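Working notes, beginning with the structure itself.
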Amino acid sequence: MLYEIRIENVAVIEKAVAEFSSGFNVLSGETGAGKSILIDSLNAILGNRTSRTLVRSHAAKAMIRAAFRDISTKTQAKLQDAGYDVENELFLYREITAEGKSTCRINGMPASASVVRDVCEDLVNIHGQHDSQSLMNPAKHLGVLDAFAQNEKEHQEYYVVYKQLCRIKKEIDSLSMDENEKEHRMEVLRFQIEELDHAQLIEGEEEELVNRRNLIRNAQTVTEQMNLAYTALSGANDSPGAGEMLGDAANALERISEVSEEFGSLAEQISGLYYSARDTASEIAGILSRMEFDPQMLDSIEERLDLLYQLKHKYRTDVPGLLEYRAKAQAELAGIETSAERLDELYDRQAELYEKGKALADRLTKTRLDAFQLFNSQISEALCFLNMPGIRFTLSHKKGPLAASGQDSVEFNISTNPGETPKPLAKIASGGELSRIMLAVKSALADKDEIDTIIYDEIDTGVSGLAAERIGEKLKQTSSGRQVICITHTAQIAAQADNHLLIRKNVSKDRTYTEIEPLDTEHRVRELARMISGDKITELALANAREMLHLAKG
């Protein structure tokens, strides 16, 4: 249950606090006073998308705080799964900066807007001014009926089989090609496999070939420099090499090692360099003996590199990619060659799954048709109470092919006058009738969920008189065991409230300020009188308001 919301720097609201009670809460006020801002703030605090336009002009940031009590076990479980320890009270916080950055907190701990939205989706149900129009869309009717039927288990069991059917069909489609197409594809694959096999591709070969080509192209320079390096290490004619000189240095230091240990250590170091120089010279000699610079070898390397280039260009990949492509081509060829056998298996499996899916779809259909009988009874009873007597509410139902939601196509039809054939809602219901039908639907669904707070934003659109009075009474009934918050312009509805808040707009120093004020009995009388007669509150309007409150309490 929402028991408090604090708003700072949101649109025309500089600072405001609204405290709600259990039961039926009403917010009233003149048009433009800021009632819609309260709805926007609630949507924001529940993690829904918002924007920097919500921030009050010349303010750095907007801040919204909301406090909830008696959290349902379902919401508590979601919060705990998300890592938030919540028992009886829940505190939500959202901050939106003038630059558009947003910060959310759950009981003081950071949270993303998406996490807040997911874990708090069962806290509040906001019925906006235009939600009644959703009843005009037949595509929404199946969802309403399922919500009443509470057939999630049946739908999930069906959906699992339906997804398996979709996967089977996709595989069948991929394997189902005509014989000419199949033969052509097999020829292409065989040619590609043969072409790649003939190339005898080896991973890493290309890099080795490029290195050998570079050596051959620079053969003279390489030979000259390698010989210079060997001579420098090994010496030539009467000139000693670096190796021999290092050996002499090591021997000299060794002869005086008895004088000081330091000389012995130096002798060991230089001795190591001597042996390294000898080994390196030997390795250079080996390379020189193995080096071949046959021009014909260069031609062979160039031809091989050209083949690799052509294959890479043709298949648009590198050598490892060519090897991978060859493996996939072989697998596809094997699949096509065995596709007839695989198709037989798939068709058998498809038939088996279809029978199972059809049985589950029929079971799902039954839950919907059975639920509609009770749904229709409750809707008709509620609409009769809401001053729509003689209403006929029927269901247009058709079966179609299996789809994600089952096999059913449904649409609510209605007859608002005796003797008339029920027709689609979109063709029959007026704005005021839609509001009452939506309220009847909401009241029928009220016991089917664990949402403790329902907010109606101007559910009274298009109604007045007795119909408005009945809406107020129905909202009062709906609030038994849960919290209902209603934004209204109608005195007959406001009179039924357990808690009445006034949203009032003031202008001071060329700035607009909105306040939310709880009303005591006398102030409620004046507000109801204003709602009845407008700005000029008469004694008759005041007397009428007092009578409304008296009758509501009775």
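General observations
- The stretch 63-148: C-alpha gyration tensor shape, a/c 1.5 cut-off, then a/b vs b/c: oblate
- Of every Cα-Cα pair in the stretch 321-446, the percent that sits beyond 18 Å: 68 percent
- Kirkwood's formula applied to the C-alpha pairs of the stretch 449-554 gives a hydrodynamic radius of 14.7 angstrom.
- Tilt relative to the chain, helix 261-290 - C-alpha long axis, 0 to 90 degrees, to 10: 90 degrees
- 19 Å Cα-Cα threshold exceeded, pairs from K474/K553; K153/K358; K366/K423; K140/K398; K170/K366; K35/K448: K366/K423; K170/K366; K35/K448
- Remark: the Cα gyration tensor places the stretch 1-88 in the oblate category, a/c being 1.5 or greater and a/b not exceeding b/c.
- Here the chain is assigned +1 on the Cβ of each Lys and Arg and -1 on the Cβ of each Asp and Glu. Its dipole about the Cα centre then comes out at about 4300 debye.
- Answer label, with P(r) over Cα pairs in 10 Å bins from 0, in percent calculated from the coordinates and candidates (i) 3, 16, 26, 27, 19, 7, 1, 0; (ii) 3, 15, 20, 19, 16, 11, 8, 5, 2, 1, 0, 0; (iii) 3, 12, 14, 14, 11, 8, 8, 8, 8, 6, 4, 2, 0, 0: (iii)
- Helix-only CD estimate at 222 nm, as mean residue ellipticity for the chain, using -39500 (n - 2.57) per DSSP H run (n ≥ 4): -18500 deg cm²/dmol
- Shape category assigned to the stretch 454-508 from the gyration tensor of Cα positions, a/c cut at 1.5: oblate
- Radius of gyration and Dmax over the Cα atoms of the stretch 407-495, both given in Å: 14.5, 46
- Taking all Cα-Cα distances within the stretch 128-242, those exceeding 16 Å account for 83%.
- Carbon + sulfur, % of accessible area of the chain - ligands and nucleic acids excluded, 1.4 Å: 49 percent
- Solvent exposure of the chain amounts to 55 Å² per residue of accessible area, where only protein heavy atoms count and the probe is 1.4 Å.
- Extension gain for the segment Q225 to Q156, taken as residue separation times 0.36 nm less the Cα-Cα distance, is 17.1 nm to one decimal.
The values are calculated or read from the model by the stated rules, or taken from the named source; none is laboratory data. Here the structure is a predicted model, which is why all the values come from computation and not from measurement. Glycine gets a Cβ as well: all are built from the backbone with ideal geometry, and neighbour counts include every protein chain shown. Surface areas here come from the heavy atoms of the whole protein model, side chains and all, with no ligands, DNA or RNA. Shrake-Rupley method; radii C 1.70, N 1.55, O 1.52, S 1.80 Å.
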